[in-house]
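Worksheet: one structure, shown below.
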Amino acid sequence: MTTTAQTPTTASPGPAGLNWARNLAYAASRFAEPTSIGELQQLVAEAPQVSALGSRHSFTRIADTSGLLVSVARLPGAVTVAPTADGRSGVASVPAGMRYAEVASALDAQGWALGAMASLPHISIAGAIATGTHGSGDAAGSLATAVVGLELVRSDGSVATIRRGDEGFDGAVVSLGALGVVVRVELAVEPSYAMTQVVDLDLPWDAALADLDAVMGSATSVSLFTNWSRSDLIDQVWRKSRVTPEASGAPGPLDRAVRAGAAEHPLRGQPAPNCTDQSGEPGPWFERLPHFRPEFTPSNGDELQSEYFVPREHAVAALSAMRAHGPAIEGLLQVSEVRSIRGDELWLSGAFGGDVIGIHFTWMPDEPAVRAALPGIESVLAPFGARPHWGKVFTMDPAAVAARYPRWESFRALRAEWDARGALRGPLLQHWGV
């Protein structure tokens, strides 16, 4: 999404260069892209400080380090699937550095599918999982909930595998990269399916908040787009639905919206060639679940992003509070997206302990102004127990963040066990007290 020219970071790029949004230059003194597990093991074991770099889509220094920054994108490997005996599900073994678009295409070619994808298919498997990235849907957990196993190189250079049911697994998935460099991921998959996508415009806020469950449950995946300044209307409702015999029409509240007559971009008025099909015609799951098509760059990077997760029982109150706060961020905000995420038991997941809504903000590329605006939003959402997205910009105090996670101390102990020498504790993880 883009409306303005990018103001790049003033920092001088080091060996690892800049992130996707160009708002930060990685501070690492070295950057490596090993082509074998053995080479990676040696690099990790010898580095005093080390961190894994994914697709560079994080807007914070969560993946940064003063030492070695390593990418697993060039490690060899293919996507393979082991189906259950009845063929109704399976487990896919996936290279950790592969991007979701590549994994989805490979799975579909074998007749398999993921249950959820994020809005951008350009992001890497391991990076998205480690930061709790998600799509939308009342029945869809974050991308990390599909993980059934991880293979990773620990900071001493050893290779370890941890699978669902093992002690510490629920802390090892959304790990912020603090346990090791993930090299392969095992994901739960299901048979391929078809989906449709439509966009409805100008849904009255009053109608939506009167029955938010009906709106968010009206399709497999639902996203609400608003800039909060049109206080009476939600700009767009994106609805992605599985094609099943049981599929039904839209419930009452959406009857108040207007079906879009042409393809829409989340930013009203922007051209939409890089967005996925919105015609309502059935198509492959991986061509409908994301908002953006992988063969296009979804943005020039002219943006910053923030996101906060609020327990579902507080959704209406939190959205009402944001509507009142909207004028304070007008002009700085490009667009805001509201999504639903099923609860899970992953210790550092934004959806730990129960269903949540994600309130996402796409900002103009003005980091000082964004950081000045965030405390106001965080104050508005604080009464509802909001948690920040780990890979996006926030200003919450580390103690306040830790208090939002009941298993925080359990994770700190797990990190100390898996990385006894502290090589994976980059500056941001230290700041958060991980």
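Computed values, structure above
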| item | result |
| --- | --- |
| Restricting segment 393-402 to residues that are open to solvent by 40 Å² or more (accessible area, probe 1.4 Å) and within 22 Å of the chain's Cα centre (by Cα), the residue that is nearest to Ala126 (Cα to Cα) | Thr395 |
| Residues satisfying the stated conditions in segment 273-302, i.e. open to solvent by less than 20 Å² (accessible area, probe 1.4 Å) and hydrophobic (A, V, I, L, M, F, W, C) | Cys275, Trp285, Leu289, Phe292 |
| Single unsatisfied condition, Arg412 versus (1) at pLDDT below 95; (2) within 23 Å of Ala160 (Cβ to Cβ) | (1) |
| Selection from segment 169-202 of residues that are open to solvent by 30 Å² or more (accessible area, probe 1.4 Å) and within 27 Å of Phe411 (Cβ to Cβ) | Asp170, Arg184, Glu186, Ala188 |
| Among the candidates Asp211, Asp156, Asp232, Asp166, residue that is open to solvent by 10 Å² or more (accessible area, probe 1.4 Å) and at pLDDT below 95 | Asp232 |
| Flag if Thr145 is assigned to a helix (DSSP H, G or I), open to solvent by 10 Å² or more (accessible area, probe 1.4 Å) and of a type in the set (Ser, Thr, Tyr) | yes |
| Segment 273-320, subset farther than 19 Å from Asp200 by Cα and of a type in the set (Val, Ile, Thr), residue modelled with the lowest pLDDT | Thr297 |
| Scope segment 313-332; condition open to solvent by 20 Å² or more (accessible area, probe 1.4 Å), under 13 Å from Thr226 (Cβ atoms) and in contact with a helix residue (DSSP H, G or I) (Cβ under 7 Å, 6 or more places away or on another chain); matching residues | Ser320, Arg323, His325 |
| Cross-chain or 6+ apart pairs with Cβ under 8 Å, segment 53-81 first and on the phi > 0 side of the Ramachandran plot and open to solvent by less than 10 Å² (accessible area, probe 1.4 Å), then modelled with pLDDT of 95 or more and not β-branched (Val, Ile, Thr) | none |
| Qualifying positions in segment 16-52 - assigned to a loop (DSSP other than H, G, I, E, B), closer than 29 Å to Asp302 by Cα and within 26 Å of the chain's Cα centre (by Cα) | Ala16, Gly17, Asn19, Trp20, Ala21, Arg22, Asn23, Leu24, Tyr26, Ala27, Ala28, Glu33 |
| Condition met for Gly111 (modelled with pLDDT of 95 or more, open to solvent by 10 Å² or more (accessible area, probe 1.4 Å) and at negative phi) | no |
| Selected residue (criterion: least open to solvent (accessible area, probe 1.4 Å)) from residues of segment 333-392 that are part of a loop (DSSP other than H, G, I, E, B) and more than 23 Å from Leu176 (Cβ to Cβ) | Pro365 |
| Residue identified as without any contact (Cβ under 8 Å) to a residue 40 or more places away in the chain, farther than 14 Å from Pro388 by Cα and in contact with a strand residue (DSSP E or B) (Cβ under 9 Å, 6 or more places away or on another chain) among Phe286, Phe296 | Phe296 |
| Looking only at segment 410-429, and only at residues there that are under 15 Å from Ala63 (Cβ atoms) and assigned to a helix (DSSP H, G or I), the one that is most open to solvent (accessible area, probe 1.4 Å) | Pro427 |
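The values are calculated or read from the model by the stated rules, or taken from the named source; none is laboratory data. Only a predicted model underlies this, so the values are computations on that prediction, with no experimental measurement involved. Cβ atoms come from the backbone with ideal geometry, glycine included; neighbour counts cover every protein chain shown. The area values use the complete protein model at the heavy-atom level, side chains included, leaving out ligands, DNA and RNA. Shrake-Rupley method; radii C 1.70, N 1.55, O 1.52, S 1.80 Å.
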